[in-house]
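Beneath this line is the structure, given in structure tokens, with notes to follow.
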Amino acid sequence: MRHDKAMMVLDLARRLAASAEGLTLNEMARDLEIGRRTAERLRDAVIAMFPQTEEVSDPPTKRWRIRGGLSGFEQAPTATELVELAKAAEGLRRTGEGARAAALESLERKLKSAMRSTALNRLAPDLEALVRAETIAVQAGPRPTADEVMLATIRRALLAQSPLGFTYSRPGAEARRRSVAPCGLMFGRANYLVAADRESGRIQTFRLDRMSAVEVQDGMAPPPSDFDLAAFASQSFGIYQDQIEEVTLRISPEGAGEARGWRWHPTQVVEDLADGRVEVRFRASGMRELAWHLFTWGEQVEIVGPERLKAVMAGEIEAARRGLERHHDGSLS
């Protein structure tokens, strides 16, 4: 058996051991991106190498699974896998996601503690080299910090399919107490709770940094049976590497409270001004991406510097104006 086929057999064995209900032949073919006949041959090879493989009847088809897991020898992570796990945790921590970073760091420790010392010693040089050679690129633009207690409360409601209550505050609007059926969490440039209104069933998003007094309520509030979080997220919206700039922004008193709660950049300095405004300073590249974000602050933000950010913002505004005029003229013709 060729080396690559051996790796595919081991990969399939891991998938069968990781699935509680098992996999059908069609699912094996889909997950491994191979034909059904190849999946049958790999399944037979797994059964020969791992006699504990079970066949489970699931009319009108059959499933296969490996109960009890695989041995440490078959499950030992590679240096690349460990580095990717560490980098994912690092990236989350640098963007203010402490709770999510801690979960990955705990998983990394558990994996290493389950490995034999000889295997760890063998991987150590590669791990050290990859850690030195790779880092997380900083993406210009703000990112709200996720509250660890809030995340734990939301996840508890999601697992129990219980109603979630919270107070929601929008700039310029009176705070409202809400009770929703939580459907999931979306993490990105802003972190959102996706939830269904308990009366209308309408799916809505709520920014975590605008939620307070979050609590799990009594009763049951499952998400709509046809709701798909991945499909929902795909309905909505990288990294530009260029000259590093000293950025200074001033946020009006109306937006100051929100500005204080945002993580703009790892190098940020946030200072309250005597007139009620907030000044935010940081060093970053990616002025176009930053300008795109500053559009969302409207007249609440003043760009003090650099001049290049002002020019980029002016250019984007002009481009948007031309596009709007073309669309308007075309609609009249």
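Restricted to the stretch 40-60, and to residues there that are aliphatic (A, V, I, L, M) and out of contact with any strand residue (DSSP E or B) (no Cβ under 7 Å at 6 or more places or on another chain), the residue that is modelled with the highest pLDDT is Leu42. Do the conditions hold for Arg156, that is, is it outside any helix (DSSP H, G or I), out of contact with any Pro (no Cβ under 9 Å at 6 or more places or on another chain) and among the basic types (Lys, Arg)? Criteria not met by Arg156. The residues of the stretch 260-281 that are at pLDDT below 90 and out of contact with any helix residue (DSSP H, G or I) (no Cβ under 7 Å at 6 or more places or on another chain), listed by number, are Arg260, Trp262, Arg263, Trp264, His265, Thr267, Gln268.
When Glu55 is tested against (1) assigned to a loop (DSSP other than H, G, I, E, B); (2) more than 29 Å from the chain's Cα centre (by Cα), just one condition goes unmet, and that condition is (1). The residue list Arg63, Arg37, Arg93 contains one member that is on the phi < 0 side of the Ramachandran plot, modelled with pLDDT of 90 or more and assigned to a helix (DSSP H, G or I), which is Arg37. For the stretch 123-135, the set of residues classified as exposed (fewer than 15 other Cβ atoms within 10 Å of the Cβ) and either among the aliphatic types (A, V, I, L, M) or at pLDDT 70 or above (or both) consists of Ala124, Pro125, Glu128, Ala129, Ala133, listed by residue number. One residue stands out in the stretch 68-82 among those that are among the aliphatic types (A, V, I, L, M) and closer than 12 Å to Arg14 by Cα: the one that is modelled with the highest pLDDT, namely Leu70.
The values are calculated or read from the model by the stated rules, or taken from the named source; none is laboratory data. This one's a predicted model, so the numbers in the text were calculated from it and none came from an experiment. Using ideal geometry, Cβ is built from the backbone for each residue, glycine included, and neighbour counts are taken over all protein chains shown.
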